[in-house]
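Take a look at the structure below.
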Amino acid sequence: MSLLTSRQREILIQMRDAEESYYGELVYEHGCAYLGWTRVAPRTVFALLRLCAISADPYSSGAFGRYHINDTGRSLIAS
């Protein structure tokens, strides 16, 4: 059984594949989240944070968050 839902897996794969571009960054602000031009449910962002699959950008502040896939996220989609 996988720890990820199909949507969480899809988002992590998109983040991994677009890591070197602007579109690999998950942005969250005031209840809205986007990965590139794709809308992402806030609950998906929080679930990925709870799984430690994404990391906050150190320059994020307050209600505005920028997140990137990390090694844990990469290993979750590899399994």
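The values are calculated or read from the model by the stated rules, or taken from the named source; none is laboratory data. Small disclaimer: the values here were computed from a predicted structure and weren't measured. All Cβ positions, even for glycine, are placed from backbone atoms using ideal geometry, and neighbour counts span all protein chains on display. What goes into the accessible areas is simple: the full protein's heavy atoms, side chains included, and nothing from ligands, DNA or RNA. Shrake-Rupley method; radii C 1.70, N 1.55, O 1.52, S 1.80 Å.
Each Lys and Arg Cβ is given +1 and each Asp and Glu Cβ -1; about its Cα centre, the chain then shows a dipole of about 340 debye. Once semi-axes √(5λ) of the Cα gyration tensor in Å is worked out from the coordinates, which option in (1) 30, 15, 9; (2) 18, 13, 12; (3) 27, 17, 9 does it equal? After the calculation, the listed value that fits is (2). Helical runs (DSSP H, four residues minimum) scored at -39500 (n - 2.57) apiece and divided by the length of the chain put the mean residue ellipticity at 222 nm at -10500 deg cm²/dmol. Assign one of three labels to region 4-43, namely rounded, prolate or oblate, based on the Cα gyration tensor with a ≥ b ≥ c the square roots of its eigenvalues; rounded applies when a/c is under 1.5, prolate when it is not and a/b is larger than b/c, and oblate otherwise. It is oblate, given that a/c is not under 1.5 and a/b is not larger than b/c.
For the chain, chymotrypsin sites (Phe, Trp or Tyr not before Pro) meeting the loop criterion (DSSP other than H, G, I, E, B) and having at most 16 other Cβ atoms within 10 Å: Trp37, Tyr59. Positive end of the dipole of the chain (Cβ unit charges, origin at the Cα centre): among Ala63, Thr44, Tyr22, the Cα lying farthest that way belongs to Thr44.
The residues packed around Glu25, meaning those with a beta-carbon under 15 Å from its beta-carbon, carry a net charge of -2 if Lys and Arg are +1 and Asp and Glu are -1. Proximity of backbone amide H atoms, modeled 1.01 Å from N, is registered between Val40 and Ala33, Tyr34, Leu35 at under 5 Å, excluding neighbours fewer than 5 places apart on the same chain. Rolling a 1.4 Å probe across the protein heavy atoms gives the chain an accessible surface of 62 Å² per residue. In the chain, the sites counted are GluC sites (Glu not before Pro) in DSSP loop states with at most 15 other Cβ atoms within 10 Å, and the longest stretch holding none of them, exclusive of the sites, is 21-79. May I ask you to list the residues of region 50-73 whose amide nitrogen lies under 12 Å from a point 7 Å from Cα along the Cα→beta-carbon direction of Tyr23? Answer for this model: none. Full extension of the segment from Glu10 to Ala63, taken as 0.36 nm per residue of separation minus the current Cα-Cα distance, would add 16.6 nm.
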